[in-house]
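For reference, the structure discussed in these notes is given below.
The values are calculated or read from the model by the stated rules, or taken from the named source; none is laboratory data. Just so it is clear, the structure is predicted and the values come from calculations on it, not from any experiment. Please note: Cβ atoms are built from the backbone with ideal geometry, for glycine as well, and neighbour counts cover all protein chains shown.
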Amino acid sequence: MLDHYVKHFSTVELNSTYYRIMHPKVSRNIVEKVPEDFQFFVKLHSSMTHSRDAGEDTWKQYMTMLEPFRERECLRGLLAQFPYSFKPSEEGVRYIEGLGERTGDVPLAVEFRHDGWYRGEIMERLSGEGMAMVSVDMPRLPHLPPPVAVGGTPFGYVRFHGRNASKWWKGGPLRYDYSYSDEELRAWKPSIDRLARPSGTVFMMFNNCHFGQAVRDAIRMKELFSEEEP
């Protein structure tokens, strides 16, 4: 799909790295397929965010995988997406701070699935460490994060997961089976404008990936923003 993406977008998330760390040769093949100004966000492996038991060998493999992206200067950042079961705690905050130390000069975008993390003091502390807090759009269910703008530095970052409430907890991949309406997309415009003020940059990523809905909705969001330009 990368050949199709580069025709429409300037940035893409690599989510496959959550499941398996690629060989550096695969990374090099990927970066050689894109224009010079194309950028990537690469998701952290599940052992770094979900089981949180990644050892030194895993980290070495992961960082080696990133080298072709860094050499090409197309690595815009990394994405750490934590599960709903990861609840706020001082230990959890310190763990995330440790991830920031691991990733060094590569910006880390952090997404939570439990609304307890969306407290001002936690957001401010992690933002102060140079991390980008991720705003999310997902079903309005108890203890899921609200669809509000958070962060904004070093850039804004929004992930659209769809609003399939009936399939969210037990639907497996069907939780992402959702297509946004124009009204739902337009409703994010004020929040995205606010996120853009500190840095001038907001990344909008669509994860409602069933049946190509993410691509269609991302293209439509671009169109809606273009329609409002003077």
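I'd like to check something: does the stretch 179-194 contain any residue that is of a type in the set (Gly, Ala, Ser), part of a helix (DSSP H, G or I) and either under 18 Å from the mean Cα position of the chain (by Cα) or over 18 Å from residue 146 (Cα atoms) (or both)?
yes
Residue check: is residue 97 at pLDDT below 95, of a type in the set (Asp, Glu) and not in a loop (DSSP other than H, G, I, E, B)?
Spelling it out, it is not the case that residue 97 is at pLDDT below 95, of a type in the set (Asp, Glu) and not in a loop (DSSP other than H, G, I, E, B).
Here's the yes/no breakdown for (1) over 22 Å from residue 206 (Cα atoms); (2) out of contact with any Phe, Trp or Tyr (no Cβ under 6 Å at 6 or more places or on another chain); (3) among the aromatic types (Phe, Trp, Tyr); (4) touching a residue at least 12 places away in the same chain (Cβ under 8 Å):
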position	(1), (2), (3), (4)
95	yes, yes, yes, yes
108	no, yes, no, yes
124	yes, yes, no, no
132	no, no, no, yes
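In the stretch 105-121, which residues are β-branched (Val, Ile, Thr) and either surrounded by 20 or more Cβ atoms within 10 Å (Cβ to Cβ) or closer than 17 Å to residue 85 by Cβ (or both)?
Across the stretch 105-121, the qualifying residue is only 110.
Starting from the stretch 151-162, keep only residues that are among the aliphatic types (A, V, I, L, M), then list their pairs with residues that are outside any loop (DSSP other than H, G, I, E, B) and surrounded by fewer than 24 Cβ atoms within 10 Å (Cβ to Cβ) whose Cβ atoms are within a distance under 6 Å, requiring at least 6 positions of separation or different chains.
As it stands, the answer is 158/204, since those pairs meet every condition given.
Of everything in the stretch 137-178, what is of a type in the set (Gly, Ala, Ser) and either in a loop (DSSP other than H, G, I, E, B) or over 16 Å from residue 112 (Cα atoms) (or both)? Give them in sequence order.
149, 151, 152, 162, 165, 166, 171, 172
State which residue is modelled with the lowest pLDDT when the search covers only the stretch 100-123 and only residues that are under 18 Å from residue 147 (Cα atoms) and part of a helix (DSSP H, G or I).
120
If the Cβ limit is 7 Å and pairs must be 6+ apart or interchain, which residue in the stretch 187-206 that is over 9 Å from residue 152 (Cα atoms) pairs with which residue that is surrounded by fewer than 14 Cβ atoms within 10 Å (Cβ to Cβ)?
Pairs that qualify, where the first residue is over 9 Å from residue 152 (Cα atoms) and the partner is surrounded by fewer than 14 Cβ atoms within 10 Å (Cβ to Cβ), are 191/148.
Which of the following residues is farther than 19 Å from residue 15 by Cα, surrounded by 15 or more Cβ atoms within 10 Å (Cβ to Cβ) and modelled with pLDDT of 95 or more: 139, 190?
Every option except 139 fails the conditions.
Could you please give the count of residues in the stretch 11-65 that are closer than 18 Å to residue 81 by Cβ, without any contact (Cβ under 8 Å) to a residue 40 or more places away in the chain and aromatic (Phe, Trp, Tyr)?
Result for the stretch 11-65: 2.
Would you check if there is a residue in the stretch 156-167 being modelled with pLDDT under 95 and under 30 Å from residue 104 (Cβ atoms)?
No, every residue in the stretch 156-167 fails to be modelled with pLDDT under 95 and under 30 Å from residue 104 (Cβ atoms).
Conditions tested, residue by residue: (1) in a helix (DSSP H, G or I); (2) over 24 Å from residue 146 (Cα atoms).
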| position | (1), (2) |
| --- | --- |
| 21 | no, yes |
| 33 | no, yes |
| 36 | no, yes |
| 48 | yes, yes |
| 63 | yes, yes |
| 69 | yes, yes |
| 88 | no, no |
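I need every pair where a residue in the stretch 166-183 that is more than 16 Å from residue 143 (Cα to Cα) has its Cβ under 6 Å from the Cβ of a residue that is aromatic (Phe, Trp, Tyr), sequence separation at least 6 or different chains.
As it stands, the answer is 175/168, since those pairs meet every condition given.
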